[in-house]
1. Cβ-Cβ distance below 8 Å, separation of 6 or more or different chains: which pairs start in segment 277-289 with a residue that is assigned by TED's automatic domain parsing to the domain that holds Ala322 and end on one that is surrounded by 16 or more Cβ atoms within 10 Å (Cβ to Cβ) and modelled with pLDDT under 95?
2. Here are some residues: Leu56, Leu107, Leu69, Leu52. Which one is outside any strand (DSSP E or B) and buried (at least 22 other Cβ atoms within 10 Å of the Cβ)?
3. Tell me which residues, restricted to segment 16-47, are in contact with a Lys or Arg (Cβ under 8 Å, 6 or more places away or on another chain) and not in a loop (DSSP other than H, G, I, E, B).
4. Quick one: which of Ser194, Ser110, Ser201 is touching a Ser or Thr at 6+ places or on another chain (Cβ under 8 Å) and among the polar types (S, T, N, Q)?
5. If you check every pair at least six apart or on different chains, which have Cβ atoms under 7 Å apart with a residue in segment 325-339 that is in the same structural domain as His225 (by TED's automatic domain parsing) first and a residue that is surrounded by 14 or more Cβ atoms within 10 Å (Cβ to Cβ) and of a type in the set (Gly, Ala, Ser) second?
6. Taking segment 296-340, which residues are of a type in the set (Asp, Glu) and touching a Phe, Trp or Tyr at 6+ places or on another chain (Cβ under 7 Å)?
7. Conditions: (1) at pLDDT 95 or above; (2) under 30 Å from Leu312 (Cβ atoms); (3) within 14 Å of the chain's Cα centre (by Cα). Gly114 meets all but one. Number of the miss?
8. Hey, Thr134 hits all of (1) more than 17 Å from the chain's Cα centre (by Cα); (2) surrounded by fewer than 19 Cβ atoms within 10 Å (Cβ to Cβ) but one; which does it fall short on?
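The values are calculated or read from the model by the stated rules, or taken from the named source; none is laboratory data. Predicted, not measured: the structure shown is a model, and the values here were computed from it. All Cβ positions, glycine included, derive from the backbone under ideal geometry; neighbour counts span all protein chains shown.
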Amino acid sequence: MSAAPAVNLLEFDLDGLAAFCERLGEKRFRATQLFRWIHQRGASDFSQMSDLAKSLRGKLEGAAQITALPVITQNISQDGTVKWLFDVGAGDAVEAVFIPEDDRGTLCVSSQAGCAVGCRFCSTGHQGFSRNLTTGEILAQLWFAEHFLRKHLGVAERVISNVVMMGMGEPLQNYAALVPALRVMLDDHGYGLSRRRVTVSTSGVVPMMDRLGQDCPVALAVSLHAPNDALRDKLVPLNRKYPLAELMEACQRYLAHAPRDFITFEYCMLDGVNDQPEHARELIALVERYRTDGVWCKLNLIPFNPFPASGLKRSPAPQVSAFAKLLLDAGLVTTVRKTRGDDIDAACGQLAGDVKDRTRVGQRIALQRQVPLQVVAAPPEGN
């Protein structure tokens, strides 16, 4: 009878690791020690873990391992952005991106190999969907990036201060693996990140937004991209299941649990599609309709990063500025995202990896591209 395969300890949050250690006959404080060695120190060799009992190290050698994802490629942008392509097996690969700034270091993490949502402007969606990542595969991106960067930069302190679940995939469609990974990021014995500095981005999976607010509330970003259902149906197909009224109400509910007092709405600026003055006015009306008191949302305008298969163009900079001015003049907190990592295809919407499409999502998007997108505005009031 063959021995059971070794368990990858990156799959566990602290409670899960404690349960694993209990099965080995060890007490919880040993799990805490082990957790710190893995996540705070980046150790993968049990023999290095000097404050663990020798007997425990012996048990771990036979039953467990700390397994990173193989790195296929690493690219460093002129602006310091770093992109890694990780092998997750069976022909699938996912990307993660580190974005350094003066006051923070942000890691953009993938949650799925591909994406089944199929947004028109996202290169990941055009590849289709293969599978969900495990908790360990999500965390392995952070584990590798944090400890690689410490060595690369020659520092002992934490390099990554922010994590955004904005890489490949829809995080809330991989909820069971996502939440334990978030708990490790937040745990003081793990990465010790503030709830305000961990962001989950969603295209609007309403039931899972409600669950996240109860189970592990972190900062929330919602991929809005259109101010009315007719246009959003075309840009974000999930809108047909959870239309704007349901989505906005879910955002309001989330605020009761959120570590920040606002939701970020992401809005990708597409030339001639969603960037006209009438769209700005609709967007103002939409968010004001759900305001109860004070500032409850922030608009983040994202210059589109073109790729050939999309058939879409980036809104000209003057058009983006004019759109932003309309929102600002209406009293809405609005920012325009600075593009980073363009020269290594690491900017927002460009992460593609390498995915075996098992759902024919890519084929469906290709069919959608045959129908040109038109400027779609809501009908006048009273019609």
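1. Listed by first residue and then by second, the contacts come to Glu278/Ala377; His279/Ala377; Glu282/Ala377; Glu282/Ala378; Val287/Trp296.
2. Numbers: Leu56 fails: buried (at least 22 other Cβ atoms within 10 Å of the Cβ); Leu107 fails: outside any strand (DSSP E or B); Leu52 fails: buried (at least 22 other Cβ atoms within 10 Å of the Cβ).
Only one candidate passes the filter, namely Leu69.
3. Ala18, Cys21, Glu22, Phe46, Ser47
4. Numbers: Ser194 fails: touching a Ser or Thr at 6+ places or on another chain (Cβ under 8 Å); Ser110 fails: touching a Ser or Thr at 6+ places or on another chain (Cβ under 8 Å).
Sole residue among the options that is touching a Ser or Thr at 6+ places or on another chain (Cβ under 8 Å) and among the polar types (S, T, N, Q): Ser201.
5. Sorted first by the residue in segment 325-339, then by its partner, the pairs are Leu326/Ala280; Leu327/Ala280; Thr334/Ala324; Val336/Ala324; Thr339/Ala347.
6. Kept after step one, since they are of a type in the set (Asp, Glu), are these residues of segment 296-340: 329.
Scanning segment 296-340 gives no hits.
7. Evaluating Gly114 over (1) at pLDDT 95 or above; (2) under 30 Å from Leu312 (Cβ atoms); (3) within 14 Å of the chain's Cα centre (by Cα) leaves (1) as the failure.
8. Answer for Thr134: the failing condition is (1).
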